[in-house]
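Novice: Structure below; questions to follow.
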Amino acid sequence: MGKSLVILGSQWGDEGKGKIVDLLTPDYDYVVRYQGGSNAGHTVIVGDKKYALHLIPSGILREGKKNLITNGVVIALEELIAEMDKVKDVAGDFEGRLYISDRAHIVFPYHKLLDGLSEKSKGEAKVGTTLKGIGPAYMAKYARTGIRIADLFDPPYFRNRLESAINEAKNIAEKIYGAEFNLSVDKVYSDTMRMFEKIAPLVTDTSLMLDTALRKGERVLFEGAQGTMLDIDMGTYPYVTSSNASALGLCNGTGVSPKLIGQAEVFGVSKAYVTRVGAGPFPTELNDGTGQKLRDEGHEYGTTTGRPRRCGWLDLVALRFAARINGMDGLIITKLDVLDHFDEIKVAVAYEYEGKLIKDFPASLKILEKCKPVYKTLKGWDKSTSGLKDKDQLPDQVWDFIKTIEEETSVPVVMLSTGPERSEYIWLK
Ligand code: GDP
Ligand code: IMO
Ligand code: MG
């Protein structure tokens with residue numbers, strides 16, 4: 001019996017978590033999405049088919065696996081149903097294959113509207129959210145005005161709460177933002193109930209299910225969304241998402257005891273460079289030809305929004321921080337192949353701030369803005385690693401690159417990903 005495993009983003013999201021979860025799924029019984037919502041966009045490529053998963057765990061494409069959306073996820077029902085439609089050719093009627101927590105909160109159309117209004121009102125200071133209503137849905141959860149999947153089993157209770165929530169949203173939209181608000185309680189209520197009918201048979205107590213599975217020694221693969229540097233508590237606040245995207249979100253997101261969760265291994269996924277979509281600090285960002293080359297070679301455009309991603313060199317100060325707060329047992333480096341044709345490759349090993357060297361990622365945005373990366377320059381390999389599956393074929397310069405990452409983070413690199421397809425990877429340990 002092997003251990004359970006957490007796969008999570010070590011940077012600002014889009015590290016290739018979906019691809020990694022899909023390829024590891026055969027060794028696990030359960031795959032669990034535990035935070036975030038349809039702001040996530042996890043790409044899985046199987047043969048000539050490309051799937052972009054937002055809410056459904058990336059394990060859905062493998063037969064005989066139980067996929068759970070647990071209480072920490074905020075669910076937009078229309079997005080969940082549209083996504084179910086896209087994978088129904090492989091997942092059939094989802095029975096025994098997809099389970100949805102009765103404690104998960106719902107993202108309503110008014111949350112999406114408020115997300116857009118809030119962003120617009122911030123002007124230059126906008127976060128650059130995915131406009132999926134994530135912030136407003138978590139705000140409602142913590143303000144105790146949210147509505148959970150369980151509430152839909154009691155239609156009068158649901159309608160009552162919906163009335164209050166819509167009233168409040170209308171007030172905010174009209175009085176604070178001076179915007180139009182056309183959503184009616186009747187329409188949102190009837191749309192929600194119609195959609196709920198389709199997923200009601202999949203709703204269950206996922207906390208109990210997971211607790212039982214873990215105690216029996218079944219293997220669970222936890223699929224993080226977003227990335228550590230977007231974590232609401234530990235990320236580059238306020239340029240973050242509204243959930244705990246690091247390992248810190250595992251217990252509250254699943255409703256499982258830290259003692260049980262603590263038995264799982266944690267692997268962080270990191271690109272061989274860095275990308276970020278949306279606003280906020282990014283010390284190693286390259287606004288030059290090299291940044292554009294990374295974007296072109298890596299096809300760095302958002303899975304959820306299509307926005308061009310900001311690109312830069314690998315930041316080992318941020319990765320060291322992510323390794324620590326997640327308690328990483330291993331690192332998975334993706335998109336190695338994107339670095340194939342660079343004469344030299346840089347990695348930031350420290351920052352320089354007002355003449356001093358900093359090795360710990362700072363909290364203050366003001367300090368971060370002034371931090372200049374201190375780079376170690378490595379030789380490029382100028383050979384194709386694309387699709388390589390054998391570690392003996394890796395150029396020496398790739399081993400130097402890996403050694404530097406391991407030395408600076410004190411975490412072993414356990415896997416390399418050399419292409420988007422599920423078979424394009426190399427285990428190193
Ligand atoms: P996620 O949100 O962490 O699941 O990552 P995304 O799916 O948003 O973005 C990762 C992108 O990189 C997707 O288009 C993947 O198909 C692609 N990808 C993943 N791993 C590799 C790799 O090793 N090499 C290359 N070239 N592309 C990869
Ligand atoms: P995956 O799971 C990359 C970013 C947004 C924005 C900030 C807040 O695919 O890695 P939100 O809509 O969550 O309120 O936006 O977080 N963001 C992501 N960036 N990958 C993601 O998910 C992201 N989810 C949110 O761009 O900067
Ligand atoms: Mg993504």
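The values are calculated or read from the model by the stated rules, or taken from the named source; none is laboratory data. Keep in mind the model is a prediction, meaning the values are calculated, not measured. Here the Cβ is made from the backbone with ideal geometry for all residues, glycine too, and neighbour counts use every protein chain on show. Please note that ligands, DNA and RNA were not included when accessible areas were found on the heavy atoms of the full protein model with its side chains. Shrake-Rupley method; radii C 1.70, N 1.55, O 1.52, S 1.80 Å.
Novice: Pairs, please: C-beta under 7 Å, at least 6 apart or cross-chain, first residue over 9 Å from V256 (Cβ atoms) and in region 202-217, second in a helix (DSSP H, G or I)?
Specialist: V203/I149
Novice: State the number of residues belonging to region 200-233 that are open to solvent by less than 50 Å² (accessible area, probe 1.4 Å) and assigned to a helix (DSSP H, G or I).
Specialist: Of the residues in that region, 12 qualify.
Novice: Right, something else. Restricting to region 25-46, name every residue that is more than 13 Å from ligand 1 (Cβ to nearest atom) and open to solvent by 10 Å² or more (accessible area, probe 1.4 Å).
Specialist: P26, D27, Y28, D29, Y30
Novice: Those residues that are in a loop (DSSP other than H, G, I, E, B) and of a type in the set (V, I, T), I need them from region 388-429; list them, please.
Specialist: Matches in region 388-429: V411, T418.
Novice: Moving to a separate point now. Taking the stated definitions as given, is A91 open to solvent by less than 20 Å² (accessible area, probe 1.4 Å) and either modelled with pLDDT under 95 or more than 27 Å from T212 (Cα to Cα) (or both)?
Specialist: Yes: the conditions hold for A91.
Novice: While we're looking at this one, here's another question. Going through region 121-179 one residue at a time, which ones are under 12 Å from Y110 (Cβ atoms), β-branched (V, I, T) and open to solvent by 40 Å² or more (accessible area, probe 1.4 Å)?
Specialist: Once the filter is applied, which keeps residues that are under 12 Å from Y110 (Cβ atoms), β-branched (V, I, T) and open to solvent by 40 Å² or more (accessible area, probe 1.4 Å), region 121-179 yields T145, I172.
Novice: For region 275-298, which positions are open to solvent by 70 Å² or more (accessible area, probe 1.4 Å) and either away from ligand 1 (no atom under 16 Å from the Cβ) or touching a Pro at 6+ places or on another chain (Cβ under 9 Å) (or both)?
Specialist: N287, D288, Q292
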